[in-house]
Amino acid sequence: MKLGIIGLPQSGKTTVFEALTINISDSAHKGEERISTIRVPDSRIDILSEIYKPQKTTYARVEYFLPGTATAKKDHPKDQSIWTAARDCDALIHVIRNHTAMG
């Protein structure tokens with residue numbers, strides 16, 4: 001399953017991405033698209049694997065996609081290219097800012 005993280009600038013999209021993927025980035029890649037895949041542990045699959053003893057056990061995987069601000073091409077508007085990139089996602093996580101802006 002591929003989940004896209006969207007929201008206004010400075011709303012906390014990167015913070016949510018890093019919390020979900022346990023992945024802290026450096027500021028050198030700011031504005032770039034980021035993709036991270038995590039395995040979803042499930043004790044029910046472990047029990048079924050013990051019962052049926054398959055050759056291979058495959059857990060569910062979730063892929064998180066954070067479209068970057070650098071996604072925009074020079075000849076396309078920024079919003080259009082972000083939505084084009086998010087089109088391949090199975091679902092969207094909309095991050096809404098709930099803090100006051102500093103400054």
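Coordinate-derived values only; no laboratory data. Worth saying up front: this structure is predicted, and the values here are computed from it rather than measured. Here Cβ is always computed from backbone atoms with ideal geometry, including for glycine, and neighbour counts include all displayed protein chains.
Neighbour counts of other Cβ atoms within 10 Å put His99, His94 in the fewest-to-most order His99, His94.
Around the amide H of Gly7, modelled in the peptide plane, lie the amide H atoms of Val95, all under 5 Å away and 5 or more residues distant in sequence or on another chain. Sequentially through the range 50-60, phi angles give Karplus couplings (6.51, -1.76, 1.60; θ = phi - 60°) of 5, 6, 9, 6, x, 5, 9, 10, 10, 8, 5 Hz, Gly and Pro residues having no value and appearing as x. When each of the peptides 37-43, 14-20 is scored by the mean number of other C-beta atoms lying within 10 Å of its residues, the order from highest to lowest reads 14-20, 37-43. Residues Tyr52, Tyr59, Tyr64, ranked from the fewest to the most other C-beta atoms within 10 Å, line up as Tyr52, Tyr59, Tyr64. Extension gain for Ile35 to Val62 (0.36 nm times residue separation, less C-alpha to C-alpha distance): 8.7 nm.
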